[in-house]
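The values are calculated or read from the model by the stated rules, or taken from the named source; none is laboratory data. Quick caveat, the model's predicted, so the values are computed rather than measured. Backbone-built Cβ (ideal geometry, glycine too); neighbour counts: all protein chains shown.
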Amino acid sequence: MISKKLRLSRRDFISARQSGKSLKLPWASLLISPNASQTSRWAVVTSAKLDKRSVVRNKLRRAIYDSAKTLPGGHDVIVFPNKQAFKLSQLEICRTLKRATENL
């Protein structure tokens, strides 16, 4: 699990969703909004449409959060994964997130 200071609060989630820039990856959609701090804050939205089993959805969420720990800061990021995300390894998730956040 990711620490509380690296997670988006409900209020920050709403503001990032309204003012964020959308970025489409093959396995997810990202909403990225700049923040004033040196660290990035993350939220991962895994709905029951991905898989009905919460164990599978939480495993994906943990893989994304673990990948997010190693990335550079300065943004609020909301990740909406799709079903293709289940086919990726954690290393591939980390690489694509790193490329996506470096291009900002």
Can you pull out every residue in region 14-47 that is crowded, with 18+ Cβ neighbours inside 10 Å, hydrophobic (A, V, I, L, M, F, W, C) and modelled with pLDDT under 90? 16
Do we find a residue being assigned to a loop (DSSP other than H, G, I, E, B) and in contact with a Phe, Trp or Tyr (Cβ under 6 Å, 6 or more places away or on another chain) anywhere in region 36-51? yes
Those residues of region 62-94 which are more than 15 Å from residue 24 (Cβ to Cβ), of a type in the set (A, V, I, L, M, F, W, C) and under 12 Å from the mean Cα position of the chain (by Cα) amount to 63, 64, 68, 71, 93, 94
If you go through region 9-35 one residue at a time, how many are under 25 Å from residue 95 (Cβ atoms), of a type outside the set (Ser, Thr, Tyr) and not in a loop (DSSP other than H, G, I, E, B)? 9
Identify all residues within region 5-14 that are touching a residue at least 40 places away in the same chain (Cβ under 8 Å) and either among the hydroxyl-bearing types (Ser, Thr, Tyr) or touching a Phe, Trp or Tyr at 6+ places or on another chain (Cβ under 9 Å) (or both); write none if there are none. 6, 8
Do we have any residue at all in region 90-102 that's of a type in the set (Gly, Ala, Ser), outside any helix (DSSP H, G or I) and surrounded by 13 or more Cβ atoms within 10 Å (Cβ to Cβ)? no
Tabulated pairs, region 62-75, first in contact (Cβ under 8 Å) with a residue 24 or more places away in the chain and on the phi < 0 side of the Ramachandran plot, second β-branched (Val, Ile, Thr) and in a strand (DSSP E or B), C-beta under 8 angstrom, 6+ apart or interchain: 64/44; 64/79; 65/44; 68/77; 75/32
Single match in 57, 7 (criterion: modelled with pLDDT under 90, surrounded by 15 or more Cβ atoms within 10 Å (Cβ to Cβ) and of a type in the set (Lys, Arg)): 7
With 67, 22, 40, 15 as the choices, which residue is hydroxyl-bearing (Ser, Thr, Tyr), within 23 Å of residue 103 (Cβ to Cβ) and in contact with a Cys (Cβ under 6 Å, 6 or more places away or on another chain)? 67
